Amino acid sequence: VQLQASGGGLVQAGGSLRLSCAASDRTFSTYSMGWFRQAPGKEREFVAAISWNVRITSYADSVKGRFTISRDNAKNTVYLQMNSLKPEDTAVYYCAASRSGSGSYTGENVYNYWGKGTLVTVSS
């Protein structure tokens, strides 16, 4: 499956962005989906994840209460609503898909497919 992330851009601190990740395959509805990010000079880190049936979500502590992951299986799309953005949220954001659809996974090695990323820049 191919994943295409979009929605990144430049925003001031305190602002909001919504990222989207569209999948090319209808099997999307059976996959767990995740968002990860990589800031300049840092390793890629987990942000949020959601199970195939939306029942299970997970968030990194750094984004809890500010970010919300959701999905629309009819549109083969997963979203990341980002509110109250901070300069430390600046990173390239990647979406990923796991064939193990039953959970919301935080580890990169569970994910089978990755998108190319979209850049989010938060100015202070």
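The values are calculated or read from the model by the stated rules, or taken from the named source; none is laboratory data. Everything numeric in this text was worked out from a predicted model, so none of it was measured. No Cβ is skipped: glycine too gets one built from the backbone with ideal geometry, and neighbour counts run over all protein chains shown. Heads up: the accessible areas ignore ligands, DNA and RNA and are worked out on the full protein's heavy atoms, side chains in. Shrake-Rupley method; radii C 1.70, N 1.55, O 1.52, S 1.80 Å.
Here are some notes:
- Inter-centroid distance (Cα atoms) of the range 6-20 relative to the range 26-105, Å: 15 Å
- Full-extension gain in nm, Glu45 to Ser124, via 0.36 nm per residue minus C-alpha separation: 26.2 nm
- The chain, relative contact order in percent, only Cα pairs under 8 angstrom and at least six apart counted: 37 percent
- Within a Gaussian network of the chain (alpha carbon springs, distance under 10 Å), most fluctuating of Val47, Val78, Val92: Val92
- Taking trypsin sites (Lys or Arg not before Pro) as exposed when DSSP calls them loop and at most 12 other C-beta atoms lie within 10 angstrom, the chain has its longest site-free stretch at 65-115.
- Protein heavy-atom accessible surface, 1.4 Å probe, per residue over the chain: 50 Å².
- Highest-MSF residue in the chain out of Glu43, Glu108, Glu88 [GNM, Cα springs under 10 Å]: Glu43
- Only Lys, Arg (+1) and Asp, Glu (-1) charged, at Cβ; the chain dipole about Cα centre in debye: 220 debye
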